[in-house]
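A.B. asks: Please see the structure below; I have some questions.
The values are calculated or read from the model by the stated rules, or taken from the named source; none is laboratory data. All of these numbers come straight from a predicted model, not from anything done at the bench. Using ideal geometry, Cβ is built from the backbone for each residue, glycine included, and neighbour counts are taken over all protein chains shown. These accessible areas exclude ligands, DNA and RNA; they are computed on the full protein's heavy atoms, side chains included. Shrake-Rupley method; radii C 1.70, N 1.55, O 1.52, S 1.80 Å.
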Amino acid sequence: MLPASAPLLLVLDGNSLLHRAYHAAPFGEILDKQGRPVWAIRGLVSLVARAAARTRPDAVLIGFDCAEHSARKDDFSGYKAHRAEKPAELVEQLLVAPELLRAAGLGTVVPTSYEADDVLASAAAHARRAGWRSVVVTSDRDSFALIDASTSVLRVRNGGLDEATLMTATTLTALCGVEPWQYRDFAALRGDPSDNLPGVRGFGAATAARLLAGFGTVDAAWAAQDGGDEQAVRAVVGSAASAALADPAMREAVERNRRLMRMRDDLPMPALDSVRLPVPFGRMKRALAERGVFLGPSLWALTGGIPPAGEDDQVQVPQPWMWSPRSRRREPLPGQLALF
């Protein structure tokens, strides 16, 4: 385990958090002078600033999905195929956000053909190799597979950051009944409706956890079945679930899910020193103002400013942080319920 004095990288899932800001509209539906929507961008920047204020990271990196091509859709055409088309105002802000954040001085990565999840995994691995700790901020449960001695995950859920849960190996086991190295098998068995990835018939979270508690991995359970010890699997999950697990179609579904849920941890990442804080205040303020986003004192943790009164006590990681009350909340788009 890395010491508490090791540098900290804060890694944020720009797509899921900007989606959340769009639907929550924490500042109302703000337009700039040209009539362009900016409320989701402002909400995202405010969240990044708030997270930095609470965790005092040494560096910040924000990942976004590639909007032009998806390697996972090439692999499985049904991947996220059920999701409704995004509103034009959301699409516009998603496209603008990465370049705006770069102009403001924040490290931003948009990987060709891959997603923000892959940036999270690659950034966490990059930090680990350099002897850094990392905190991953996202709405996506798949990130639980990244948890280890140097990486924790702050999962933003219903209620925003007020209700966010900081996941470590201990809290993950308490919540799901599995360890981080088992989480991908757990998720593959259960499936992920938000990504249009059906799981194995009869396998909810509890059954998946029991199987993995008994066998460690799905592969070990399959080996028991194939080796003539079907009774051992039935004893753990019951006859119906055991039969489903042995079904070739269900095995194919698990393999597909594991493949698609696996986050790449080998994407090129910027040097950690290049995304260090602080960012020059003038640069950040000017870049944001050009898009109609006006923030000042709240940026202090990103720009090396002085904490406002009442915000001078650093919260140690791991620790959830607070989020300002939301003035509005939009209903999530169909297929995006897992974000909320």
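A.B. asks: At least 2 residues that are under 30 Å from Met284 (Cβ atoms) in each: list the helices (runs of 4 or more DSSP H) lying fully within the range 102-210 that qualify.
C.D. replies: In the range 102-210, the matching helices (runs of 4 or more DSSP H) lie at 116-129.
A.B. asks: What are the pairs, 6+ residues apart or on separate chains, where a residue within the range 65-82 that is basic (Lys, Arg) has its Cβ under 6 Å from a residue that is in a helix (DSSP H, G or I)?
C.D. replies: As it stands, the answer is Arg72/Leu260; Lys80/Asp195, since those pairs meet every condition given.
A.B. asks: Then there is this: Taking the range 156-181 as the region of interest, how many residues are at pLDDT 95 or above and either on the phi > 0 side of the Ramachandran plot or charged (D, E, K, R) (or both)?
C.D. replies: The total comes to 2.
A.B. asks: Which members of the range 27-45 meet the condition of being closer than 20 Å to Lys285 by Cβ, in a loop (DSSP other than H, G, I, E, B) and open to solvent by less than 20 Å² (accessible area, probe 1.4 Å)?
C.D. replies: Listed by number, the residues that qualify are Asp32, Val38.
A.B. asks: Return yes when Ala59 is at pLDDT below 95 and open to solvent by less than 10 Å² (accessible area, probe 1.4 Å) and no when it is not.
C.D. replies: Working: at pLDDT below 95: no; open to solvent by less than 10 Å² (accessible area, probe 1.4 Å): yes.
Considered against the rule, which asks whether it is at pLDDT below 95 and open to solvent by less than 10 Å² (accessible area, probe 1.4 Å), Ala59 comes out as no.
A.B. asks: Take the conditions of a type in the set (A, V, I, L, M), surrounded by fewer than 20 Cβ atoms within 10 Å (Cβ to Cβ), out of contact with any Cys (no Cβ under 6 Å at 6 or more places or on another chain) and over 22 Å from Arg184 (Cα atoms) and apply them to Leu277. Does it pass?
C.D. replies: Against the criterion (of a type in the set (A, V, I, L, M), surrounded by fewer than 20 Cβ atoms within 10 Å (Cβ to Cβ), out of contact with any Cys (no Cβ under 6 Å at 6 or more places or on another chain) and over 22 Å from Arg184 (Cα atoms)), Leu277 qualifies.
A.B. asks: Let me ask something else. State the number of residues belonging to the range 101-113 that are of a type outside the set (S, T, N, Q) and surrounded by fewer than 21 Cβ atoms within 10 Å (Cβ to Cβ).
C.D. replies: Selection size over the range 101-113: 4.
A.B. asks: With respect to the numbered conditions (1) within 30 Å of Arg128 (Cα to Cα); (2) modelled with pLDDT of 90 or more; (3) open to solvent by less than 70 Å² (accessible area, probe 1.4 Å), which one is the sole condition not fulfilled by Phe76?
C.D. replies: Only one criterion is unmet by Phe76, namely (1).
A.B. asks: Sticking with this one: With respect to Arg283, is the statement that it is under 30 Å from Ala187 (Cβ atoms), open to solvent by 20 Å² or more (accessible area, probe 1.4 Å) and touching a residue at least 60 places away in the same chain (Cβ under 8 Å) true?
C.D. replies: Here the answer is no, as Arg283 does not meet what is asked.
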